[in-house]
Amino acid sequence: MFGEIQDKVYKGTTTVGLVCRDGVVMATEKRATMGNFIASRRAKKIYRIADRVAMTTAGAVGDAQFLARLIAVEIKLYEVRKEEKPTIKAIATLLSNILNSTRWFPYFVQLLVGGIDKRGPSIYSIDLLGGAIEEIDIVATGSGSPTAYGVLEDRYSPEMTVDEGVELAVRAIHSAMRRDSASGDGIDVVKITEEGYFELGREDVESVLSKVRR
């Protein structure tokens, strides 16, 4: 019974995150699957949850959407109560506590939370039971992550800029899409620096892909 329910949940993903010299880059593809069926080609898997903070999601789409709404509200409440913006670590800790408190009936997600704050750029990986780990360089989640990691580990440098990180993130997602049937149908990319939160448009992503395909 549980297996049948799992097959009817939108899932399947590749997401990546990179900590760069001047910020962070986070990227996902757009396919959602139900078992072997491609349920959506426009699934949103990266959310802006604060001014300079993004969250990527792998796993059940419904759980991810609820958590994105919940954490965005909690961040606004934090800012009102504390009269300051929460750090990336504080946001990751809050998400960790939410997921850990429901561990017997968990949200089926693996999250990346990344951005830039007064301490600089950082990314945290959070599993469905609330385990939170700070990733100091690269991270990938989802069914296509083994392929993505191969590309990231081969080409990543801690001295790269966010623009160089964008090209590497696109290359990693593109490689995963070619090998993982649950990943595909386009790429979403954001870069976050001291200057702000920037989401790449379709033409910008295609321009980067043209370099990757050479």
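The values are calculated or read from the model by the stated rules, or taken from the named source; none is laboratory data. What you are looking at is a predicted structure, and each value in this text was computed from that prediction instead of being measured. Note that we place each Cβ from the backbone using ideal geometry, even for glycine, and neighbour counts take in every protein chain shown.
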Strands (runs of 3 or more DSSP E) lying entirely in the range 24-118 (those with 1 or more residues that are of a type in the set (A, V, I, L, M, F, W, C) and loosely packed, with under 14 Cβ neighbours inside 10 Å) = 37-40
Quick one: would you say Ile49 is of a type outside the set (Lys, Arg), modelled with pLDDT of 95 or more and within 17 Å of Asp188 (Cα to Cα)?
-> yes
Could you please find all residues in the range 166-193 being under 16 Å from Gly23 (Cβ atoms) and either at pLDDT below 95 or of a type in the set (Ser, Thr, Tyr) (or both)?
-> Thr193
Taking Ser157, is it farther than 30 Å from Asn100 by Cβ and either modelled with pLDDT of 90 or more or surrounded by 15 or more Cβ atoms within 10 Å (Cβ to Cβ) (or both)?
-> yes
Of the numbered conditions (1) within 26 Å of Leu94 (Cβ to Cβ); (2) of a type in the set (Val, Ile, Thr); (3) surrounded by fewer than 23 Cβ atoms within 10 Å (Cβ to Cβ), Val205 satisfies every one except a single condition; which is it?
-> (1)
Using the structure shown, decide if Asp154 is under 18 Å from the mean Cα position of the chain (by Cα) and among the acidic types (Asp, Glu).
-> no
So, first residue on the phi > 0 side of the Ramachandran plot in the range 158-172, second residue surrounded by fewer than 19 Cβ atoms within 10 Å (Cβ to Cβ), Cβ within less than 8 Å, six or more apart or across chains; the pairs are none
Evaluate the range 182-205: report whether one residue or more is among the acidic types (Asp, Glu), more than 30 Å from Ser96 (Cβ to Cβ) and free of Cβ contacts under 8 Å to residues at least 24 places away in the same chain.
-> yes
Those residues that are of a type in the set (A, V, I, L, M) and either touching a helix residue (DSSP H, G or I) at 6+ places or on another chain (Cβ under 6 Å) or at pLDDT below 85 (or both), I need them from the range 20-42; list them, please.
-> Val25, Ala27, Ala32, Met34, Ile38, Ala39
